[in-house]
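Notes follow once the structure below has been shown.
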Amino acid sequence: MRVRIAVPVFFILIGCAAAQTPATQKVATSPATKTSANKWRTPWGDPDLQGSWSNATTTPLERPAKYGGREFLTAAERDAIDTQTAIATDKREKRGTVEDVEGAYNGAWWERGRADGRTSLIYDPPDGRIPALTPQAQKRREEAARLDASAENYAGQGSYSGPEDLEPYTRCIIRAPLPRISTGYNNNYQIVQSPGMVAIYQEQIHETRVIPLHGPAHLNRSVDQWLGDSRGHWEGDTLVVETTNFSDQATFQGATKNMVLVERWTRASGDHIDYSFTVTDPETWTRPWSAKITWYKTGPLYEYACHEDNYGLYGILAGARAKEKAAKH
């Protein structure tokens, strides 16, 4: 379900805006920024989160095993990761190889950000790992893997009778379900506020979340939406948003449509917001879990056009028709 708001919203240009984002900055740790949040206020007195932000980071969602129980990187480890990120962005494989073609985008296109000094975005559980799956979730995962392995369209070899056979991302419907985790690019957002309402515009694929504050109860659970149904309120200087009513056509880490997402945004300084989320789904995980990501101030945002006339989708469907024609001869 697409929802639009009647406020001016600037959009995001993949390359230029990505190159301009200050997501390469280090996380601010000055205690002064934590105690001065009350100076960012809207004209009507709410905490002011407005502006353009990026959550780009190379810190992984889960803690790699090599770090054991360590929550933080050493300074040398952090610098090494940032150096490797810069090198890998512009590294090219042997000309003419598949790897060369797949790596054709250089640093002007990518927006990977930098390490934030932690070994994982997940902070609860303390081991930095997604909790164990429930038996029913494990069964769902095994069944999905079995279907993928036997499906006609596995590895791009499907019949593709129509666009509905393609995933929503390829069709430019939705990039990913909530909550959004940083990826290689298009990690940008714009927050717009009015009395009683917050809107969060997401670069990919130009969706706008319209969040009532202290408003009516959630929609009836029979109503599913791509980005769920969000309701927010202020807890001091923190915007707290609970989202339910997710669609089973877009799942976060294998969760069911009954997942409950709670997000928190706190303006920590002029150039960054502290963001965290907690996901709860007893049908998927044995316990709730939480992660946090810094949102950095970025520059003017421009339109992300997804597929220009969606030539890729044309090619996929045309290829399937050509394959069918060849099979008849």
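The values are calculated or read from the model by the stated rules, or taken from the named source; none is laboratory data. Every value quoted in this text rests on a predicted model; they were computed, and no experiment measured them. Cβ atoms come from the backbone with ideal geometry, glycine included; neighbour counts cover every protein chain shown.
When the range 259-269 is examined, which residues are found to be touching a residue at least 40 places away in the same chain (Cβ under 8 Å) and either closer than 16 Å to HIS233 by Cα or touching a strand residue (DSSP E or B) at 6+ places or on another chain (Cβ under 8 Å) (or both)? Steps first, answer last, please.
Going through the range 259-269, the residues touching a residue at least 40 places away in the same chain (Cβ under 8 Å) turn out to be 261, 263, 265-269.
Residues satisfying the conditions are LEU261, GLU263, TRP265, THR266, ARG267, ALA268.
What single numbered condition from (1) acidic (Asp, Glu); (2) at pLDDT 85 or above; (3) part of a helix (DSSP H, G or I) fails to hold for ASP148?
It fails just one condition, (2).
Is it fair to say THR266 is β-branched (Val, Ile, Thr) and farther than 22 Å from ILE130 by Cβ? Can you show your working first?
Working: β-branched (Val, Ile, Thr): yes; farther than 22 Å from ILE130 by Cβ: yes.
Taking the combined requirement at face value, the residue satisfies it.
Of the numbered conditions (1) assigned to a loop (DSSP other than H, G, I, E, B); (2) crowded, with 17+ Cβ neighbours inside 10 Å, GLN193 fails exactly one; give the number of that condition.
For GLN193, the exception is condition (1).
What tally of residues in the range 165-181 results from selecting those that are more than 8 Å from the chain's Cα centre (by Cα), part of a loop (DSSP other than H, G, I, E, B) and either more than 25 Å from PHE277 (Cα to Cα) or hydrophobic (A, V, I, L, M, F, W, C) (or both)?
Counting residues in the range 165-181 that are more than 8 Å from the chain's Cα centre (by Cα), part of a loop (DSSP other than H, G, I, E, B) and either more than 25 Å from PHE277 (Cα to Cα) or hydrophobic (A, V, I, L, M, F, W, C) (or both) gives 7.
List, please: which pairs have Cβ atoms under 7 Å, are six or more places apart or on different chains, and start with a residue in the range 67-95 that is within 24 Å of PRO126 (Cα to Cα) and end with one that is surrounded by 13 or more Cβ atoms within 10 Å (Cβ to Cβ) and polar (S, T, N, Q)?
TYR67/THR119; ARG70/THR119; GLU71/THR119; PHE72/THR119; LEU73/THR119; ILE81/THR58
Starting from residues that are in a loop (DSSP other than H, G, I, E, B) and among the acidic types (Asp, Glu), keep the ones in the range 54-110 and report whichever is farthest from ILE181 (Cα to Cα). I'd like the intermediate steps shown before the answer.
Initially, the range 54-110 is screened for residues in a loop (DSSP other than H, G, I, E, B), giving 55-56, 58-64, 68-71, 73-74, 91-97, 103-110.
Add one more test, that the residue is among the acidic types (Asp, Glu), and what stays is 62, 71, 93.
Numbers: GLU62: 11, GLU71: 19, GLU93: 28 Å.
Per the stated criteria, the residue is GLU93.
For the range 171-190, does any single residue satisfy the condition of being within 18 Å of PRO47 (Cα to Cα), out of contact with any Phe, Trp or Tyr (no Cβ under 6 Å at 6 or more places or on another chain) and not hydroxyl-bearing (Ser, Thr, Tyr)? Spell out the reasoning first.
Here is the first cut: in the range 171-190, the residues within 18 Å of PRO47 (Cα to Cα) are 189-190.
Restricting the remaining residues to those that are out of contact with any Phe, Trp or Tyr (no Cβ under 6 Å at 6 or more places or on another chain) gives none.
No: zero hits.
What residue, of SER276, SER290, is surrounded by fewer than 17 Cβ atoms within 10 Å (Cβ to Cβ), at pLDDT 95 or above, of a type in the set (Ser, Thr, Tyr) and assigned to a strand (DSSP E or B)?
Testing whether each residue is surrounded by fewer than 17 Cβ atoms within 10 Å (Cβ to Cβ), at pLDDT 95 or above, of a type in the set (Ser, Thr, Tyr) and assigned to a strand (DSSP E or B) leaves just SER290.
Being among the aliphatic types (A, V, I, L, M) and over 16 Å from THR59 (Cβ atoms) is the filter; apply it to the range 87-98 and report the residue that is surrounded by the fewest Cβ atoms within 10 Å (Cβ to Cβ). Working first, answer last.
Narrowing the range 87-98 to residues among the aliphatic types (A, V, I, L, M): 87-88, 98.
This time we only want the ones that are over 16 Å from THR59 (Cβ atoms), so: 87, 98.
On the way: ILE87: 10, VAL98: 8.
Checked the range 87-98; the qualifying residue surrounded by the fewest Cβ atoms within 10 Å (Cβ to Cβ) is VAL98.
Taking only pairs six or more apart or across chains, which ones have beta-carbon atoms under 8 Å, a first residue in the range 209-222 that is within 18 Å of PRO179 (Cα to Cα), and a second residue that is modelled with pLDDT under 90?
Here the result reads ARG209/VAL3; VAL210/VAL3; VAL210/ILE5, each pair linking the range 209-222 to a residue that is modelled with pLDDT under 90.
Would you mind telling me which numbered condition in (1) over 23 Å from ASP271 (Cβ atoms); (2) more than 26 Å from the chain's Cα centre (by Cα); (3) surrounded by 13 or more Cβ atoms within 10 Å (Cβ to Cβ) GLU71 fails?
Failing condition for GLU71: (2).
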